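Structure record follows, encoded as structure tokens.
The values are calculated or read from the model by the stated rules, or taken from the named source; none is laboratory data. Just so it is clear, the structure is predicted and the values come from calculations on it, not from any experiment. Positions of Cβ are backbone-derived with ideal geometry, glycine not excepted, and every protein chain shown enters the neighbour counts. Note: accessible area is taken over every heavy atom of the protein model, side chains too, but ligands, DNA and RNA are not part of it. Shrake-Rupley method; radii C 1.70, N 1.55, O 1.52, S 1.80 Å.
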Amino acid sequence: MRVGVCGATPETIAARNFTRMIAAGTASHSDHGRTVANFFLAVARGEAAGYEIKDEQKLLQLALDLGVTIGERSNAEIAVDIGKIMLNEFGKQEGELLFLKRAPLKRQELWQKLGVAPRGIDREVAEAMHRTHMGTDQDYQNLLNHGIRTALADGWGGSMIATELQDIIFGTPVPVASQINLGVLKEDEVNIIIHGHEPQLAEMMAIVAQDAEMIEYAKAKGAKGINLAGMCCTANEMLMRHGVPIAGNFLQQELAVVTGATEAMVVDVQCIMQGLVDTANCYHTKIITTDPRAKIQGATHMEFDEHNAFESAKAIIKTAVDNFVNRGKNVRIPQQKTDMIAGFSHETINYLLGGMFRASYRPLNDNIINGRIRGVAGVVGCNNPRVTHDLQLDMVKELIKNDVLVLQTGCMAMASAKAGLMVPEAAAKYAGDGLASVCEAVGIPPVLHMGACIDNTRILMSATAMVKDGGLGDDISDLPVAGAAPEWMSEKALAIGQYFVGSGVFTVFGVNWPTLGSPEVTDYLFKDFEKMYGGMWAFEPDPLKAAQLMIEHIDKKRKALGIDKARERVLYDMAMRRELDAV
Ligand code: BF8
């Protein structure tokens, strides 16, 4: 057998690399969560002027979940307590992460039994880095199970903290109309692209861009106004809460510069191509970095200060406006743009299905049980330059055609939106009859946009709500659901996949698979994990075949639940009703 100089086997090396990727993904999401928790505390303490608590209901719900006293206390006092508790989750050394309690009871017990319930977010990431150091953990199974523990610290930890606290400060998304693709850029306005992941700066930029003084300033420079458009997950955040249009997903970032119409691309962390600077050098576009953790050589650095947010955002927007006069003559904005509806948070789905007073997932569960909806799939993740841009969304079309409701986040959500799948009319055009009938009754598209990658936690919460509503088993692994990232590229996507697998979901990735060098490790992830966690990985680069794998898994779960035969709806006439009453 080929081994390393130290004797490390291909299994050890493959498991180490895989676990390190999960640690990197978890660290990225969780550092975002930590930044948001610190920011949340600053807002609660009145140290971040211009921000406020927007969703009081969610604040109070979270206080109840965390055992924070409400009584006669002000929202600010409650929020300070919540902020401290959330921040403590990162450095905790013992016990279990608090949000694990949100999972179905059976799942919590399984995590405890298998010894993978995460203790503290940073602890699991640091331990993953330690275990994968040369000469430490050399049992691939032990490593991969710590990979589960690390990933759970992402999904039920850092990412969930980010989503919850962002919703409280910026508002929980509700359905909102917008448009997507490079055609949202405007020839006669100052175009500013907000790109990256953390929404604090972008939120303030949206306010400053509408400021009368700034608009006058733009007019004085010869523009008709200021046009803010999003890119990558900052785009998703701003779309979900404000309907800010999206210029494009990950692989369109350089194209936005190449239009010649982008005055500034304002970036923070994650998924920002270093090549943007070289591309921008061919045009007038300014690439403005704003976060001390993510500088790029050759870019303009204007650090965002959340304690002085309005002025920070104003300085950045002013720089963009000043750059309008430098725009060259060769401006070419593609005309393509597509209408879309976004804003499907877990709470909104709950409300849409059940109404204000009976908010619940009951109608979804009922329609799964009666067979109109076959199951639910989460199709998430990146663009990958190894495959044709956005074409993997054939998977989404295949799923909805087969009556599978699709929940989306990240760059794949944008791919579907561009293809016109995120409007209610798409149900009649693309979905199977059963799914289309439910979508038409509720008034939703067959493909629901649930937010940024960090918001995959909304999908975890939706799956948990389905379990708790009853009739579909008593754990997430019993549900007729599946997950996929057909164009995955980033380590964050792997962390997401691993926490879905660890939560009991069959998850299929496309493009390539990082453990193929070790058949044992691959088998462990693809087969043994199913016996342990009820969820497992699969790899299938063909999006249609991958969709079929997901449908097969959904059908397997339907069979196990005894709902594999769609039940016809029986309409009772009076005679039948009397007969029933007589029983
Ligand atoms: O976090 S989907 S390319 S933008 S990593 Fe990046 Fe992938 Fe897009 Fe958002 Ni997610």
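Of all residue pairs spaced 6 or more apart or on separate chains, those with beta-carbon atoms under 7 Å, a first member in the stretch 401-416 that is within 13 Å of the ligand (Cβ to nearest atom) and a second member that is of a type in the set (F, W, Y) and open to solvent by 10 Å² or more (accessible area, probe 1.4 Å) are C411/F250.
Going by the structure shown, is A280 free of Cβ contacts under 8 Å to residues at least 24 places away in the same chain, more than 16 Å from the ligand (Cβ to nearest atom) and open to solvent by 20 Å² or more (accessible area, probe 1.4 Å)? When the stated conditions are applied, A280 does not pass them. Considering the stretch 253-270, and only residues there that are open to solvent by 10 Å² or more (accessible area, probe 1.4 Å) and within 11 Å of the ligand (Cβ to nearest atom), the residue that is farthest from A209 (Cα to Cα) turns out to be Q270.
Taken over the stretch 480-501, the criterion of being of a type in the set (F, W, Y) and more than 10 Å from the ligand (Cβ to nearest atom) is satisfied by Y499, F500.
Residue by residue, here is whether (1) over 24 Å from I246 (Cα atoms); (2) open to solvent by less than 10 Å² (accessible area, probe 1.4 Å); (3) at pLDDT 95 or above; (4) not aromatic (F, W, Y) holds:
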| site | (1), (2), (3), (4) |
| --- | --- |
| G135 | yes, no, yes, yes |
| S159 | no, yes, yes, yes |
| E164 | no, no, yes, yes |
| I169 | no, yes, yes, yes |
| S178 | no, no, yes, yes |
| V190 | no, yes, yes, yes |
| H195 | no, yes, yes, yes |
| E198 | no, no, yes, yes |
| A220 | yes, no, yes, yes |
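The residue that is farthest from the ligand (Cβ to nearest atom), among those in the stretch 428-437 that are open to solvent by less than 20 Å² (accessible area, probe 1.4 Å) and in contact (Cβ under 8 Å) with a residue 24 or more places away in the chain, is G434.
Counting only residues that are surrounded by fewer than 17 Cβ atoms within 10 Å (Cβ to Cβ) and either assigned to a loop (DSSP other than H, G, I, E, B) or under 23 Å from the mean Cα position of the chain (by Cα) (or both), how many does the stretch 70-84 have? Residues that pass the stated criteria total 5.
Hey, any hits in the stretch 115-122 for a residue that's more than 30 Å from M466 (Cβ to Cβ) and surrounded by 14 or more Cβ atoms within 10 Å (Cβ to Cβ)?
Yes, because at least one residue in the stretch 115-122 is more than 30 Å from M466 (Cβ to Cβ) and surrounded by 14 or more Cβ atoms within 10 Å (Cβ to Cβ).
Within the stretch 502-526, restricting attention to residues that are open to solvent by 10 Å² or more (accessible area, probe 1.4 Å) and within 16 Å of the ligand (Cβ to nearest atom), which residue is farthest from G381 (Cα to Cα)? Once the filter is applied, the top-ranked residue is P514. Please work out if N367 is within 19 Å of the chain's Cα centre (by Cα) and either polar (S, T, N, Q) or surrounded by 24 or more Cβ atoms within 10 Å (Cβ to Cβ) (or both). It is false that N367 is within 19 Å of the chain's Cα centre (by Cα) and either polar (S, T, N, Q) or surrounded by 24 or more Cβ atoms within 10 Å (Cβ to Cβ) (or both). Determine whether the stretch 373-392 contains at least one residue that is among the aliphatic types (A, V, I, L, M), under 26 Å from G470 (Cβ atoms), away from the ligand (no atom under 16 Å from the Cβ) and without any contact (Cβ under 8 Å) to a residue 12 or more places away in the chain. Looking for residues that are among the aliphatic types (A, V, I, L, M), under 26 Å from G470 (Cβ atoms), away from the ligand (no atom under 16 Å from the Cβ) and without any contact (Cβ under 8 Å) to a residue 12 or more places away in the chain, one finds none in the stretch 373-392, hence no. Helices (runs of 4 or more DSSP H) fully within the stretch 482-553 that include at least 1 residues being closer than 22 Å to W156 by Cα and in contact with a Phe, Trp or Tyr (Cβ under 6 Å, 6 or more places away or on another chain): 491-502.
Scanning the stretch 231-251 for residues that are open to solvent by 10 Å² or more (accessible area, probe 1.4 Å) and within 13 Å of the ligand (Cβ to nearest atom) yields F250, L251. Only residues that are modelled with pLDDT under 95 and crowded, with 21+ Cβ neighbours inside 10 Å were counted across the stretch 467-479, and they come to 0.
Scanning the stretch 85-112 for residues that are among the hydrophobic types (A, V, I, L, M, F, W, C), open to solvent by 40 Å² or more (accessible area, probe 1.4 Å) and outside any helix (DSSP H, G or I) gives no hits. Those residues that are over 28 Å from N38 (Cα atoms) and open to solvent by less than 30 Å² (accessible area, probe 1.4 Å), I need them from the stretch 285-318; list them, please. Scanning the stretch 285-318 gives a single hit, T285.
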